[in-house]
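The values are calculated or read from the model by the stated rules, or taken from the named source; none is laboratory data. This is a predicted model, so every value here is computed, not measured. Reconstructed Cβ throughout: ideal geometry from the backbone, glycine too, with neighbour counts over all protein chains shown. SASA here: full protein model, heavy atoms, side chains in, ligands and nucleic acids out. Shrake-Rupley method; radii C 1.70, N 1.55, O 1.52, S 1.80 Å.
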Amino acid sequence: LWKSDIGGRSTPILMNGKLYTIAPVGSDKCVGEQVVCLDADTGKTLWTYRFNVFLTDIVENRVGWTSVVADPETGYVYAHGTGGEFFCLD
């Protein structure tokens, strides 16, 4: 139905008509991470939450990627970055 150029190495999730995933952003030594929320019907990006990566200089090639999880009761989305930070997004 639609395609998105947002890449990633994690499994996306669906909740309440929205698709959530965690993906790299930036290039070379400035690669960071972002949680992305897309409209599941259209693929339109609704919001992103970008954050820096710590403790590594080549994040895409040297570390494992997590997947986001969500709580349908509260609508919160949780993400654990490769730098060890834990985020709760609403």
With all protein chains present, calculate the accessible area of THR45 using a 1.4 Å probe and round the result to the nearest 10 Å². 60
So I have (i) 14.4, 44; (ii) 12.9, 39; (iii) 15.9, 51, and one of them is Rg and Dmax of the Cα atoms in Å calculated from this model. Which one is it? (ii)
Accessible surface of segment 1-41, 1.4 Å probe, proportion on carbon and sulfur as whole %: 48
Structure-based [θ]222 nm, the chain - -39500 (n - 2.57) summed over DSSP H runs of at least 4, per residue, nearest 500: -500 deg cm²/dmol
About the Cα centre of segment 1-48, how large is the charge dipole given +1 on each Lys and Arg Cβ and -1 on each Asp and Glu Cβ? Please answer in debye to the nearest 20. 40
Per residue accessible area of the chain, 1.4 Å probe, in Å²: 64
How about segment 1-38: which trypsin sites (Lys or Arg not before Pro) there lie in a loop by DSSP and see at most 10 other Cβ atoms within 10 Å? LYS3
From largest accessible area down, sort ILE6, ILE22; use a 1.4 Å probe on the protein chains. ILE6, ILE22
Gaussian network model of the chain, Cα springs within a sub-10 Å range: biggest mean-square fluctuation belongs to which of PRO24, PRO12, PRO72? PRO72
Relative contact order (%) - the chain, alpha-carbon pairs under 8 angstrom, separation at least six: 23
